[in-house]
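Working notes, structure below.
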Amino acid sequence: MDNIKDQSVNSGLYLVSTPIGNLEDITLRALNILKKSNIILCEDTRRSGKLISYFGIKNKLVQYHKFNENKISPKVINSIKKKQIVSLISDAGTPTISDPGLILVRKCIETNLNVFPIPGPSAVTAAVSISGFSDQYLFYGFLEKKEKEIDKVLNNLSNLDYSIVFFIPAIKINFCILKFKEFFPDRKILIAKEMTKIHENFIRSEIKSIKNLTNNLKGEFTVILSKKIRKKNFKENLTESVKIEIKRMLEKYSHKDVVEFISKKEKLSKKTVYDFSLKLKND
């Protein structure tokens, strides 16, 4: 830790990732930056106060949320111009990802001030990493509030063959499950609850068969939808021309290579090609 304290920190805006549940997930670099910050911007001073108090960091918290971003940002910019170190943290995870901060980041870029990422915990990457779904994913975040707008968004997203990540308040999860069944019936779903906490839980299912969750749920869920489930639609019958081709190929190539090549080329099940090839060999 002594070496960490000795590291120099330049003035600028630091986006510091904080734990999404388990406080042990904080990084040494994040602690160093927070300790050396002149100002720590946060969404909720009570919640963030527990975090910095736990790690023995002097209270330098200034409330910064979506309702006061425009008012606070110019003051923060002036502080950075005076060579101060300013950190931005969210209630949990990485700042600006479905959380306040984008306005301030843009103002820093416009005025040519330093903006530094301090990577760490992220609900998005944590959930994607254990989903078992494709790592080609689209992060959407929170859905709109009005049902008509939600329908429009989900309809557009349903045409994209990527894993899709949402943040969903617990109070809306069952409503969203119904919507997913309507727009994404041919996909799988992972619902991540209380990640990194004592009651961490992961619900895995096909969307068409998932049931509503129990009532009295709290907090926010990270929900991932898989890419479309594609069922292989193979032909089972061999045409005479294909039979002749298989026979000719078996004179030059291995049984395995012929099965791989013909099944892919003709969209036939491997078993069908294999059985016919084996019959020819035994005849």
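The values are calculated or read from the model by the stated rules, or taken from the named source; none is laboratory data. Computed from a predicted model, the values in this text were never measured in an experiment. Positions of Cβ are backbone-derived with ideal geometry, glycine not excepted, and every protein chain shown enters the neighbour counts.
Looking across segment 99-124, the residues that are outside any helix (DSSP H, G or I), over 19 Å from the mean Cα position of the chain (by Cα) and among the hydrophobic types (A, V, I, L, M, F, W, C) come down to L113, V115, F116. The residues of segment 76-94 that are closer than 19 Å to S11 by Cα and either at pLDDT below 95 or in contact with a helix residue (DSSP H, G or I) (Cβ under 8 Å, 6 or more places away or on another chain) (or both), listed by number, are V76, I77, I80, I85, V86, S87, L88, I89.
Considering only residues in segment 33-49 that are polar (S, T, N, Q) and over 27 Å from the mean Cα position of the chain (by Cα), the one that is farthest from I20 (Cα to Cα) turns out to be N38.
Contact annotation: residue pairs with Cβ atoms under 6 Å, 6 or more positions apart or on different chains, pairing a residue in segment 13-39 that is aromatic (F, W, Y) with a partner that is not in a helix (DSSP H, G or I), are Y14/S87; Y14/F116; Y14/I118. Take the conditions (1) over 23 Å from E220 (Cβ atoms); (2) in a strand (DSSP E or B); Y140 misses just one of them, which is (1).
When V86, V128 are screened for being in the same structural domain as I191 (by TED's automatic domain parsing) and either surrounded by 17 or more Cβ atoms within 10 Å (Cβ to Cβ) or over 30 Å from F202 (Cβ atoms) (or both), only V128 passes. Find all pairs meeting these conditions: Cβ atoms under 9 angstrom apart; at least six residues apart or on different chains; first residue within segment 156-173 and free of Cβ contacts under 8 Å to residues at least 12 places away in the same chain and over 17 Å from I191 (Cα atoms); second residue among the small types (G, A, S) and surrounded by 15 or more Cβ atoms within 10 Å (Cβ to Cβ). Listed pairs, sorted by first residue: none to list.
When we screen K211, K243, K188, K193 for residues that are out of contact with any Leu (no Cβ under 6 Å at 6 or more places or on another chain), among the basic types (K, R) and in contact (Cβ under 8 Å) with a residue 40 or more places away in the chain, the only hit is K188.
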